[in-house]
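S.K.: Please see the structure below; I have some questions.
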Amino acid sequence: MADMTKKQYDLVVLGATGYTGQFIAEEVARIAKENEGLTYAFAGRNKDKLDKTVEMAKTRTGLDLQNVGIIVADVNDEGSLLNMAKQAKVVINCVGPYRFYGEKIVSACIKGAANHVDISGEPEYLEKVQLRYSKEAQDNGVHVVGSCGFDSIPADLGTLYLQDIFPGDVNSVEAVVSLDDTSVGSASINYTTLECAVLGLIHNKDLKKLRQELYTTPLPKPAYKPEPRGKLFYSNEAERWCLPNLASDRSVVVRSQRLHYELEKRRPAQINVYFGTSSLGTAIGGIFFGIFFYFMTSFVFTRNLLLKYPELFTFGLFTRKGPKRSDLSGLKFCVTLTGKGWDKKLEDPDEQYTQPPNITKVVQVKGPDPGYNSTAIFATQSAMTILKEKDKLPGKGGVYTPAAAFLKTDLCSNLEKNGISFTIKK
Ligand SMILES: NC(=O)c1ccc[n+]([C@@H]2O[C@H](COP(=O)([O-])OP(=O)(O)OC[C@H]3O[C@@H](n4cnc5c(N)ncnc54)[C@H](OP(=O)(O)O)[C@@H]3O)[C@@H](O)[C@H]2O)c1
(Lines give C-alpha, C1' and ligand atoms only; values in the text may rest on other atoms or scores of the structure.)
Protein backbone atom coordinates (compact mmCIF):
# COMPACT_ATOMS: atom_id res chain seq x y z
CA MET A 1 0.00 0.00 0.00
CA ALA A 2 1.44 3.39 -1.05
CA ASP A 3 2.31 6.12 1.44
CA MET A 4 -0.17 9.04 1.16
CA THR A 5 1.74 11.27 3.53
CA LYS A 6 4.40 12.06 0.94
CA LYS A 7 2.04 13.67 -1.57
CA GLN A 8 2.55 17.20 -2.84
CA TYR A 9 -1.15 18.14 -3.09
CA ASP A 10 -4.14 17.42 -0.85
CA LEU A 11 -6.63 18.05 -3.66
CA VAL A 12 -6.24 17.99 -7.46
CA VAL A 13 -9.13 19.12 -9.71
CA LEU A 14 -8.80 17.21 -12.99
CA GLY A 15 -10.75 18.77 -15.88
CA ALA A 16 -10.56 22.17 -14.17
CA THR A 17 -10.78 23.80 -17.63
CA GLY A 18 -14.31 22.45 -18.23
CA TYR A 19 -17.54 24.30 -17.53
CA THR A 20 -18.18 22.48 -14.23
CA GLY A 21 -14.46 22.06 -13.47
CA GLN A 22 -14.14 25.86 -13.30
CA PHE A 23 -16.83 26.03 -10.57
CA ILE A 24 -15.11 23.23 -8.64
CA ALA A 25 -11.70 24.87 -9.02
CA GLU A 26 -13.12 28.09 -7.53
CA GLU A 27 -14.81 26.22 -4.68
CA VAL A 28 -11.55 24.39 -3.86
CA ALA A 29 -9.70 27.74 -3.80
CA ARG A 30 -12.32 29.12 -1.34
CA ILE A 31 -12.10 26.05 0.88
CA ALA A 32 -8.29 26.20 0.82
CA LYS A 33 -8.50 29.76 2.14
CA GLU A 34 -10.54 28.46 5.12
CA ASN A 35 -8.25 25.48 5.74
CA GLU A 36 -4.77 26.74 6.42
CA GLY A 37 -2.05 24.63 4.87
CA LEU A 38 -4.36 22.85 2.40
CA THR A 39 -2.44 22.33 -0.86
CA TYR A 40 -4.15 21.99 -4.23
CA ALA A 41 -3.60 21.95 -7.99
CA PHE A 42 -5.66 22.28 -11.16
CA ALA A 43 -5.07 19.62 -13.82
CA GLY A 44 -6.03 19.29 -17.47
CA ARG A 45 -4.64 18.53 -20.89
CA ASN A 46 -3.95 22.09 -21.99
CA LYS A 47 -1.53 24.34 -20.06
CA ASP A 48 -2.80 27.60 -21.61
CA LYS A 49 -6.39 26.75 -20.70
CA LEU A 50 -5.31 25.88 -17.16
CA ASP A 51 -3.62 29.29 -16.83
CA LYS A 52 -6.90 30.89 -17.94
CA THR A 53 -8.79 28.81 -15.35
CA VAL A 54 -6.49 30.22 -12.65
CA GLU A 55 -7.00 33.79 -13.90
CA MET A 56 -10.77 33.38 -14.02
CA ALA A 57 -10.81 31.81 -10.55
CA LYS A 58 -8.75 34.74 -9.20
CA THR A 59 -11.24 37.26 -10.62
CA ARG A 60 -14.32 35.41 -9.42
CA THR A 61 -13.14 34.53 -5.91
CA GLY A 62 -11.06 37.65 -5.27
CA LEU A 63 -8.29 35.37 -3.94
CA ASP A 64 -4.67 35.61 -5.05
CA LEU A 65 -4.27 31.84 -5.73
CA GLN A 66 -0.52 32.20 -5.42
CA ASN A 67 0.13 28.63 -4.39
CA VAL A 68 -2.07 26.75 -6.85
CA GLY A 69 -0.19 24.02 -8.71
CA ILE A 70 -0.69 23.24 -12.40
CA ILE A 71 -0.47 19.67 -13.69
CA VAL A 72 -0.73 18.77 -17.36
CA ALA A 73 -2.52 15.42 -17.63
CA ASP A 74 -4.20 13.98 -20.71
CA VAL A 75 -6.45 10.91 -20.68
CA ASN A 76 -4.70 9.76 -23.86
CA ASP A 77 -1.32 9.76 -22.08
CA GLU A 78 -1.44 7.23 -19.23
CA GLY A 79 1.99 8.29 -17.94
CA SER A 80 0.71 11.84 -17.41
CA LEU A 81 -2.30 10.53 -15.44
CA LEU A 82 -0.07 8.39 -13.23
CA ASN A 83 2.25 11.34 -12.66
CA MET A 84 -0.77 13.41 -11.55
CA ALA A 85 -2.11 10.65 -9.29
CA LYS A 86 1.27 10.22 -7.57
CA GLN A 87 1.15 13.88 -6.49
CA ALA A 88 -2.45 13.86 -5.18
CA LYS A 89 -4.14 12.64 -2.00
CA VAL A 90 -7.59 13.13 -3.58
CA VAL A 91 -8.39 13.71 -7.27
CA ILE A 92 -11.72 15.41 -8.07
CA ASN A 93 -12.37 14.16 -11.57
CA CYS A 94 -14.58 16.42 -13.75
CA VAL A 95 -13.69 14.89 -17.14
CA GLY A 96 -16.79 13.64 -18.93
CA PRO A 97 -18.48 11.83 -20.59
CA TYR A 98 -17.12 9.36 -18.07
CA ARG A 99 -17.91 6.36 -20.28
CA PHE A 100 -15.14 7.59 -22.62
CA TYR A 101 -12.51 8.86 -20.18
CA GLY A 102 -13.29 7.70 -16.65
CA GLU A 103 -11.76 4.21 -16.41
CA LYS A 104 -8.23 5.28 -17.35
CA ILE A 105 -8.35 7.97 -14.68
CA VAL A 106 -9.67 5.60 -11.99
CA SER A 107 -7.02 3.05 -12.90
CA ALA A 108 -4.21 5.67 -12.72
CA CYS A 109 -5.52 6.93 -9.37
CA ILE A 110 -5.48 3.41 -7.92
CA LYS A 111 -1.96 2.75 -9.22
CA GLY A 112 -0.76 6.17 -8.02
CA ALA A 113 -2.49 5.83 -4.63
CA ALA A 114 -4.80 8.86 -5.05
CA ASN A 115 -8.33 8.69 -3.70
CA HIS A 116 -10.87 9.61 -6.37
CA VAL A 117 -14.23 11.38 -6.42
CA ASP A 118 -16.23 12.13 -9.54
CA ILE A 119 -19.45 13.90 -10.52
CA SER A 120 -20.65 11.26 -12.95
CA GLY A 121 -24.39 10.77 -13.47
CA GLU A 122 -23.87 7.72 -15.71
CA PRO A 123 -25.14 4.52 -14.00
CA GLU A 124 -23.51 2.13 -16.48
CA TYR A 125 -20.10 3.74 -15.96
CA LEU A 126 -20.46 3.93 -12.18
CA GLU A 127 -21.52 0.29 -11.86
CA LYS A 128 -18.80 -0.88 -14.25
CA VAL A 129 -16.17 0.85 -12.09
CA GLN A 130 -17.58 -0.88 -9.00
CA LEU A 131 -17.45 -4.26 -10.76
CA ARG A 132 -13.97 -3.86 -12.25
CA TYR A 133 -12.00 -1.83 -9.71
CA SER A 134 -13.34 -2.68 -6.21
CA LYS A 135 -10.69 -5.28 -5.42
CA GLU A 136 -7.74 -3.34 -6.84
CA ALA A 137 -8.85 -0.20 -4.99
CA GLN A 138 -9.17 -2.18 -1.73
CA ASP A 139 -5.75 -3.77 -2.17
CA ASN A 140 -4.13 -0.37 -2.80
CA GLY A 141 -5.93 1.46 0.04
CA VAL A 142 -7.69 3.86 -2.37
CA HIS A 143 -11.30 5.05 -1.97
CA VAL A 144 -13.12 5.65 -5.26
CA VAL A 145 -16.43 7.45 -4.71
CA GLY A 146 -18.62 8.17 -7.74
CA SER A 147 -21.64 10.46 -8.28
CA CYS A 148 -20.54 13.15 -5.79
CA GLY A 149 -22.41 15.97 -7.59
CA PHE A 150 -26.08 16.95 -7.66
CA ASP A 151 -26.33 13.47 -9.21
CA SER A 152 -26.68 11.94 -6.69
CA ILE A 153 -25.73 13.35 -3.27
CA PRO A 154 -29.11 14.96 -2.37
CA ALA A 155 -31.09 11.78 -3.12
CA ASP A 156 -28.46 9.46 -1.63
CA LEU A 157 -27.60 11.39 1.56
CA GLY A 158 -31.22 12.59 1.80
CA THR A 159 -32.33 8.94 2.03
CA LEU A 160 -29.69 8.32 4.70
CA TYR A 161 -30.82 11.41 6.64
CA LEU A 162 -34.45 10.21 6.44
CA GLN A 163 -33.44 6.78 7.74
CA ASP A 164 -31.50 8.42 10.59
CA ILE A 165 -34.40 10.62 11.79
CA PHE A 166 -37.02 7.85 11.35
CA PRO A 167 -38.22 6.36 14.64
CA GLY A 168 -38.14 2.79 13.24
CA ASP A 169 -37.44 1.07 9.92
CA VAL A 170 -38.05 2.81 6.57
CA ASN A 171 -39.85 0.61 4.02
CA SER A 172 -39.89 2.93 0.99
CA VAL A 173 -38.71 6.38 -0.09
CA GLU A 174 -40.23 8.59 -2.78
CA ALA A 175 -37.82 11.36 -3.85
CA VAL A 176 -39.06 14.34 -5.88
CA VAL A 177 -36.33 16.45 -7.50
CA SER A 178 -37.40 20.00 -8.33
CA LEU A 179 -36.54 23.67 -8.18
CA ASP A 180 -37.32 25.42 -4.90
CA ASP A 181 -40.44 27.63 -4.65
CA THR A 182 -38.23 30.65 -4.08
CA SER A 183 -36.18 29.97 -7.24
CA VAL A 184 -36.11 32.76 -9.79
CA GLY A 185 -35.12 32.54 -13.44
CA SER A 186 -34.25 29.59 -15.61
CA ALA A 187 -30.94 28.35 -16.88
CA SER A 188 -29.61 25.92 -19.45
CA ILE A 189 -27.31 22.92 -18.99
CA ASN A 190 -23.87 22.52 -20.59
CA TYR A 191 -23.67 20.35 -23.74
CA THR A 192 -21.51 17.53 -22.27
CA THR A 193 -24.35 16.49 -19.96
CA LEU A 194 -26.59 16.10 -23.02
CA GLU A 195 -23.97 13.84 -24.60
CA CYS A 196 -23.90 11.73 -21.39
CA ALA A 197 -27.72 11.52 -21.30
CA VAL A 198 -27.99 10.48 -24.96
CA LEU A 199 -25.28 7.82 -24.63
CA GLY A 200 -26.87 6.61 -21.39
CA LEU A 201 -30.26 6.12 -23.06
CA ILE A 202 -28.74 4.22 -26.00
CA HIS A 203 -26.84 1.87 -23.67
CA ASN A 204 -29.54 1.50 -21.01
CA LYS A 205 -30.17 -2.10 -22.08
CA ASP A 206 -26.56 -3.06 -21.19
CA LEU A 207 -27.27 -2.40 -17.51
CA LYS A 208 -29.18 -5.67 -17.01
CA LYS A 209 -26.20 -7.90 -17.81
CA LEU A 210 -23.84 -5.69 -15.81
CA ARG A 211 -26.09 -5.92 -12.75
CA GLN A 212 -26.29 -9.70 -13.01
CA GLU A 213 -22.49 -9.77 -12.65
CA LEU A 214 -22.35 -7.09 -9.96
CA TYR A 215 -25.11 -8.34 -7.66
CA THR A 216 -24.65 -12.03 -7.08
CA THR A 217 -26.59 -12.26 -3.80
CA PRO A 218 -30.29 -11.29 -3.67
CA LEU A 219 -31.60 -8.68 -1.21
CA PRO A 220 -34.38 -9.69 1.23
CA LYS A 221 -37.79 -9.37 -0.46
CA PRO A 222 -39.85 -6.62 1.23
CA ALA A 223 -43.39 -7.66 2.20
CA TYR A 224 -44.90 -4.24 1.33
CA LYS A 225 -44.32 -2.59 -2.07
CA PRO A 226 -44.47 1.23 -2.36
CA GLU A 227 -47.64 2.88 -3.67
CA PRO A 228 -47.78 2.48 -7.49
CA ARG A 229 -47.56 5.80 -9.38
CA GLY A 230 -48.51 6.69 -12.95
CA LYS A 231 -46.55 8.73 -15.50
CA LEU A 232 -48.04 11.94 -14.03
CA PHE A 233 -49.31 12.46 -10.47
CA TYR A 234 -49.52 15.10 -7.77
CA SER A 235 -47.44 14.61 -4.62
CA ASN A 236 -49.03 16.28 -1.59
CA GLU A 237 -45.79 15.94 0.37
CA ALA A 238 -43.61 17.62 -2.30
CA GLU A 239 -46.46 19.89 -3.47
CA ARG A 240 -45.41 19.17 -7.04
CA TRP A 241 -46.71 17.53 -10.21
CA CYS A 242 -44.41 14.58 -10.74
CA LEU A 243 -42.97 12.72 -13.74
CA PRO A 244 -40.62 9.71 -13.95
CA ASN A 245 -36.96 10.66 -13.46
CA LEU A 246 -34.43 8.76 -15.58
CA ALA A 247 -31.33 10.36 -14.03
CA SER A 248 -28.86 8.29 -12.03
CA ASP A 249 -30.35 8.94 -8.56
CA ARG A 250 -32.37 5.75 -8.26
CA SER A 251 -29.51 3.50 -9.36
CA VAL A 252 -27.12 5.18 -6.91
CA VAL A 253 -29.48 4.98 -3.92
CA VAL A 254 -30.27 1.33 -4.68
CA ARG A 255 -26.52 0.56 -4.65
CA SER A 256 -26.06 2.44 -1.37
CA GLN A 257 -28.91 0.58 0.27
CA ARG A 258 -27.43 -2.70 -0.89
CA LEU A 259 -23.95 -1.77 0.38
CA HIS A 260 -25.44 -0.74 3.74
CA TYR A 261 -27.18 -4.11 3.99
CA GLU A 262 -24.04 -6.05 3.03
CA LEU A 263 -21.53 -4.06 5.11
CA GLU A 264 -23.62 -2.80 8.04
CA LYS A 265 -26.57 -5.21 8.20
CA ARG A 266 -28.99 -2.28 7.76
CA ARG A 267 -32.49 -2.90 6.38
CA PRO A 268 -32.59 -1.65 2.73
CA ALA A 269 -35.37 0.81 1.79
CA GLN A 270 -37.07 0.71 -1.60
CA ILE A 271 -36.62 3.91 -3.62
CA ASN A 272 -38.37 5.70 -6.48
CA VAL A 273 -37.33 9.07 -7.91
CA TYR A 274 -39.41 11.66 -9.82
CA PHE A 275 -39.02 15.12 -11.34
CA GLY A 276 -41.38 17.65 -9.83
CA THR A 277 -42.80 20.95 -11.03
CA SER A 278 -45.39 23.25 -9.49
CA SER A 279 -47.21 23.81 -12.82
CA LEU A 280 -49.39 21.13 -14.42
CA GLY A 281 -48.72 22.73 -17.84
CA THR A 282 -44.94 22.37 -17.39
CA ALA A 283 -45.41 18.76 -16.29
CA ILE A 284 -47.46 17.93 -19.40
CA GLY A 285 -44.84 19.76 -21.52
CA GLY A 286 -42.19 17.62 -19.79
CA ILE A 287 -43.94 14.42 -20.89
CA PHE A 288 -44.04 15.57 -24.53
CA PHE A 289 -40.39 16.65 -24.31
CA GLY A 290 -39.48 13.20 -22.90
CA ILE A 291 -41.25 11.43 -25.79
CA PHE A 292 -39.57 13.74 -28.35
CA PHE A 293 -36.14 13.25 -26.70
CA TYR A 294 -36.57 9.46 -26.72
CA PHE A 295 -37.52 9.57 -30.42
CA MET A 296 -34.50 11.77 -31.26
CA THR A 297 -32.07 9.40 -29.52
CA SER A 298 -33.56 6.26 -31.14
CA PHE A 299 -32.16 6.68 -34.67
CA VAL A 300 -28.60 7.54 -35.77
CA PHE A 301 -29.74 10.36 -38.06
CA THR A 302 -31.96 12.14 -35.48
CA ARG A 303 -29.41 11.51 -32.71
CA ASN A 304 -26.69 13.21 -34.77
CA LEU A 305 -29.03 16.15 -35.38
CA LEU A 306 -29.73 16.42 -31.64
CA LEU A 307 -26.02 16.41 -30.79
CA LYS A 308 -25.12 18.79 -33.62
CA TYR A 309 -27.84 21.36 -32.89
CA PRO A 310 -28.49 20.96 -29.15
CA GLU A 311 -30.00 24.44 -28.64
CA LEU A 312 -32.56 23.91 -31.43
CA PHE A 313 -33.61 20.33 -30.63
CA THR A 314 -33.79 20.74 -26.84
CA PHE A 315 -35.55 24.13 -27.07
CA GLY A 316 -32.62 25.88 -25.37
CA LEU A 317 -32.36 23.46 -22.43
CA PHE A 318 -28.83 22.35 -23.44
CA THR A 319 -26.30 24.81 -24.91
CA ARG A 320 -22.72 24.54 -26.15
CA LYS A 321 -21.59 27.56 -24.14
CA GLY A 322 -23.26 26.50 -20.88
CA PRO A 323 -25.50 28.79 -18.84
CA LYS A 324 -24.54 32.37 -18.04
CA ARG A 325 -23.48 32.72 -14.41
CA SER A 326 -26.04 35.49 -13.92
CA ASP A 327 -28.83 33.07 -14.96
CA LEU A 328 -27.74 30.59 -12.28
CA SER A 329 -27.66 33.03 -9.39
CA GLY A 330 -31.40 32.92 -8.55
CA LEU A 331 -31.83 29.16 -8.92
CA LYS A 332 -32.29 26.85 -5.95
CA PHE A 333 -32.98 23.12 -5.89
CA CYS A 334 -35.23 21.17 -3.56
CA VAL A 335 -35.34 17.39 -3.19
CA THR A 336 -38.30 16.20 -1.12
CA LEU A 337 -38.00 12.67 0.28
CA THR A 338 -41.10 10.99 1.68
CA GLY A 339 -40.40 7.90 3.76
CA LYS A 340 -42.98 5.35 4.77
CA GLY A 341 -42.20 2.78 7.42
CA TRP A 342 -42.77 1.64 10.97
CA ASP A 343 -42.42 3.21 14.40
CA LYS A 344 -40.29 0.24 15.52
CA LYS A 345 -37.10 -1.43 14.33
CA LEU A 346 -36.70 -5.17 13.78
CA GLU A 347 -33.19 -6.29 14.81
CA ASP A 348 -32.77 -8.69 11.90
CA PRO A 349 -32.87 -6.92 8.47
CA ASP A 350 -33.92 -10.20 6.83
CA GLU A 351 -37.04 -10.53 9.00
CA GLN A 352 -40.15 -9.13 7.27
CA TYR A 353 -43.01 -7.12 8.81
CA THR A 354 -46.47 -8.63 9.01
CA GLN A 355 -48.30 -5.27 9.36
CA PRO A 356 -48.24 -2.48 6.72
CA PRO A 357 -46.16 0.70 7.31
CA ASN A 358 -47.74 2.99 9.93
CA ILE A 359 -45.57 6.15 9.83
CA THR A 360 -44.71 8.79 7.22
CA LYS A 361 -41.87 11.31 7.50
CA VAL A 362 -40.84 13.95 4.98
CA VAL A 363 -37.41 15.57 4.69
CA GLN A 364 -36.03 18.11 2.25
CA VAL A 365 -32.55 18.79 0.90
CA LYS A 366 -32.05 22.28 -0.53
CA GLY A 367 -29.21 24.31 -2.01
CA PRO A 368 -28.18 26.73 -4.77
CA ASP A 369 -28.42 25.96 -8.50
CA PRO A 370 -28.14 22.18 -8.84
CA GLY A 371 -25.83 21.61 -11.81
CA TYR A 372 -22.94 23.86 -10.98
CA ASN A 373 -22.76 25.76 -7.67
CA SER A 374 -24.28 22.89 -5.65
CA THR A 375 -22.26 20.30 -7.55
CA ALA A 376 -19.07 22.22 -6.71
CA ILE A 377 -20.00 22.20 -3.01
CA PHE A 378 -20.90 18.48 -3.03
CA ALA A 379 -17.73 17.40 -4.86
CA THR A 380 -15.38 19.58 -2.80
CA GLN A 381 -16.88 18.58 0.55
CA SER A 382 -16.79 14.89 -0.49
CA ALA A 383 -13.08 15.22 -1.30
CA MET A 384 -12.44 17.07 1.98
CA THR A 385 -14.22 14.29 3.87
CA ILE A 386 -11.87 11.68 2.40
CA LEU A 387 -8.93 13.90 3.26
CA LYS A 388 -9.97 14.46 6.87
CA GLU A 389 -11.93 11.34 7.78
CA LYS A 390 -10.49 8.52 5.68
CA ASP A 391 -10.32 6.32 8.76
CA LYS A 392 -14.16 6.44 9.01
CA LEU A 393 -14.72 5.24 5.43
CA PRO A 394 -15.49 1.53 4.89
CA GLY A 395 -12.54 -0.85 4.57
CA LYS A 396 -9.07 0.33 3.68
CA GLY A 397 -10.31 1.27 0.21
CA GLY A 398 -12.76 0.21 -2.51
CA VAL A 399 -15.42 1.60 -4.84
CA TYR A 400 -18.46 3.14 -3.11
CA THR A 401 -21.48 5.36 -3.54
CA PRO A 402 -21.57 8.60 -1.46
CA ALA A 403 -23.96 7.26 1.21
CA ALA A 404 -21.95 4.04 1.55
CA ALA A 405 -18.59 5.82 1.72
CA PHE A 406 -19.66 8.67 3.99
CA LEU A 407 -22.12 6.86 6.31
CA LYS A 408 -20.01 7.42 9.44
CA THR A 409 -18.50 10.81 8.54
CA ASP A 410 -19.50 14.44 9.13
CA LEU A 411 -20.25 15.12 5.45
CA CYS A 412 -23.91 16.13 6.06
CA SER A 413 -23.04 18.67 8.74
CA ASN A 414 -20.15 20.01 6.65
CA LEU A 415 -22.50 20.42 3.68
CA GLU A 416 -24.87 22.33 5.98
CA LYS A 417 -22.03 24.71 6.89
CA ASN A 418 -21.48 25.31 3.17
CA GLY A 419 -24.96 26.23 1.92
CA ILE A 420 -26.84 22.89 1.67
CA SER A 421 -29.71 22.28 4.09
CA PHE A 422 -31.22 19.00 5.35
CA THR A 423 -34.53 19.60 7.18
CA ILE A 424 -37.51 17.63 8.47
CA LYS A 425 -40.66 18.94 6.77
CA LYS A 426 -43.17 16.66 8.53
N1 LIG B 1 -23.41 15.23 -11.11
C2 LIG B 1 -23.86 16.36 -11.60
O3 LIG B 1 -24.85 16.87 -11.15
C4 LIG B 1 -23.08 17.01 -12.70
C5 LIG B 1 -23.15 18.39 -12.86
C6 LIG B 1 -22.42 18.97 -13.90
C7 LIG B 1 -21.65 18.17 -14.75
N8 LIG B 1 -21.63 16.83 -14.56
C9 LIG B 1 -20.82 15.96 -15.43
O10 LIG B 1 -19.48 16.41 -15.41
C11 LIG B 1 -18.84 16.12 -16.65
C12 LIG B 1 -18.22 17.40 -17.20
O13 LIG B 1 -19.25 18.29 -17.58
P14 LIG B 1 -18.92 19.75 -18.15
O15 LIG B 1 -20.22 20.35 -18.49
O16 LIG B 1 -18.02 20.45 -17.24
O17 LIG B 1 -18.14 19.36 -19.49
P18 LIG B 1 -17.01 20.16 -20.29
O19 LIG B 1 -17.18 21.62 -20.11
O20 LIG B 1 -17.05 19.62 -21.68
O21 LIG B 1 -15.65 19.71 -19.59
C22 LIG B 1 -15.02 18.50 -19.89
C23 LIG B 1 -13.61 18.53 -19.30
O24 LIG B 1 -12.97 17.30 -19.66
C25 LIG B 1 -11.71 17.62 -20.20
N26 LIG B 1 -11.22 16.60 -21.13
C27 LIG B 1 -11.84 16.15 -22.26
N28 LIG B 1 -11.05 15.25 -22.86
C29 LIG B 1 -9.91 15.13 -22.10
C30 LIG B 1 -8.71 14.39 -22.21
N31 LIG B 1 -8.48 13.58 -23.24
N32 LIG B 1 -7.77 14.53 -21.24
C33 LIG B 1 -7.96 15.36 -20.19
N34 LIG B 1 -9.07 16.10 -20.05
C35 LIG B 1 -10.03 16.01 -21.00
C36 LIG B 1 -11.92 18.94 -20.91
O37 LIG B 1 -10.66 19.54 -21.19
P38 LIG B 1 -10.50 20.71 -22.28
O39 LIG B 1 -10.98 21.96 -21.58
O40 LIG B 1 -9.06 20.74 -22.57
O41 LIG B 1 -11.36 20.37 -23.46
C42 LIG B 1 -12.73 19.66 -19.85
O43 LIG B 1 -11.89 20.12 -18.83
C44 LIG B 1 -19.94 15.55 -17.56
O45 LIG B 1 -19.85 14.15 -17.51
C46 LIG B 1 -21.23 16.02 -16.90
O47 LIG B 1 -22.33 15.20 -17.15
C48 LIG B 1 -22.32 16.25 -13.55
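The values are calculated or read from the model by the stated rules, or taken from the named source; none is laboratory data. Given the structure is predicted, the values throughout are model-derived calculations rather than measurements. When we count neighbours, we look across all protein chains shown, and the Cβ atoms used for this are built from the backbone with ideal geometry, even at glycine.
S.K.: Restricting to region 204-222, count the residues that are more than 15 Å from Glu127 (Cβ to Cβ) and surrounded by 12 or more Cβ atoms within 10 Å (Cβ to Cβ).
M.R.: Summing the residues that are more than 15 Å from Glu127 (Cβ to Cβ) and surrounded by 12 or more Cβ atoms within 10 Å (Cβ to Cβ) in region 204-222 gives 3.
S.K.: Sticking with this structure for a sec: Under 6 Å by Cβ, and 6 or more places apart or on different chains, what pairs join a residue from region 72-87 that is without any contact (Cβ under 8 Å) to a residue 40 or more places away in the chain with one that is near the ligand (Cβ under 9 Å from one of its atoms) and part of a loop (DSSP other than H, G, I, E, B)?
M.R.: Close Cβ pairs (under 6 Å, with a partner that is near the ligand (Cβ under 9 Å from one of its atoms) and part of a loop (DSSP other than H, G, I, E, B)) amount to Asp74/Arg45; Ser80/Ala73; Ser80/Asp74; Leu81/Ala73.
S.K.: I'd like the full set of residues that are of a type in the set (Val, Ile, Thr), assigned to a helix (DSSP H, G or I) and more than 16 Å from the ligand (Cβ to nearest atom), limited to region 372-414.
M.R.: Within region 372-414, Thr385, Ile386 qualify.
S.K.: Please enumerate the residues belonging to region 266-298 that are at pLDDT below 95 and in a loop (DSSP other than H, G, I, E, B).
M.R.: Ser278, Ser279
S.K.: Step by step: first the residues of region 1-60, then only those that are more than 20 Å from Glu78 (Cα to Cα), among the small types (Gly, Ala, Ser) and away from the ligand (no atom under 16 Å from the Cβ), then the one that is surrounded by the fewest Cβ atoms within 10 Å (Cβ to Cβ). Which residue is that?
M.R.: So, considering only residues that are more than 20 Å from Glu78 (Cα to Cα), among the small types (Gly, Ala, Ser) and away from the ligand (no atom under 16 Å from the Cβ), the one surrounded by the fewest Cβ atoms within 10 Å (Cβ to Cβ) is Gly37.
S.K.: Please determine whether any residue of region 89-101 is in contact with a helix residue (DSSP H, G or I) (Cβ under 6 Å, 6 or more places away or on another chain), in a loop (DSSP other than H, G, I, E, B) and away from the ligand (no atom under 16 Å from the Cβ).
M.R.: No, that holds for no residue.
S.K.: Please go through region 350-370 and pick out each residue that is in contact with a helix residue (DSSP H, G or I) (Cβ under 6 Å, 6 or more places away or on another chain) and either free of Cβ contacts under 8 Å to residues at least 12 places away in the same chain or over 20 Å from Ala238 (Cα atoms) (or both).
M.R.: Residues satisfying the conditions do not exist here.
S.K.: Could you identify the single residue in Leu201, Leu157 that is within 16 Å of the ligand (Cβ to nearest atom) and surrounded by fewer than 24 Cβ atoms within 10 Å (Cβ to Cβ)?
M.R.: Result of the check over Leu201, Leu157: Leu201.
S.K.: May I ask you to verify whether Gly330 is in contact with a Gly (Cβ under 7 Å, 6 or more places away or on another chain), modelled with pLDDT under 95 and assigned to a loop (DSSP other than H, G, I, E, B)?
M.R.: Yes: the conditions hold for Gly330.
Matching residues to (1) free of Cβ contacts under 8 Å to residues at least 12 places away in the same chain; (2) of a type in the set (Gly, Ala, Ser); (3) within 13 Å of Val335 (Cβ to Cβ); (4) crowded, with 21+ Cβ neighbours inside 10 Å:
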site: Glu127; (1), (2), (3), (4): no, no, no, yes
site: Glu136; (1), (2), (3), (4): no, no, no, no
site: Ile165; (1), (2), (3), (4): no, no, no, no
site: Ser172; (1), (2), (3), (4): no, yes, no, no
site: Glu195; (1), (2), (3), (4): no, no, no, no
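S.K.: For region 345-379, how many residues are of a type in the set (Val, Ile, Thr) and surrounded by 21 or more Cβ atoms within 10 Å (Cβ to Cβ)?
M.R.: The total comes to 4.
S.K.: Out of region 85-113, which residues are surrounded by fewer than 24 Cβ atoms within 10 Å (Cβ to Cβ) and among the small types (Gly, Ala, Ser)?
M.R.: Within region 85-113, Gly102, Ser107, Gly112, Ala113 meet the criteria.
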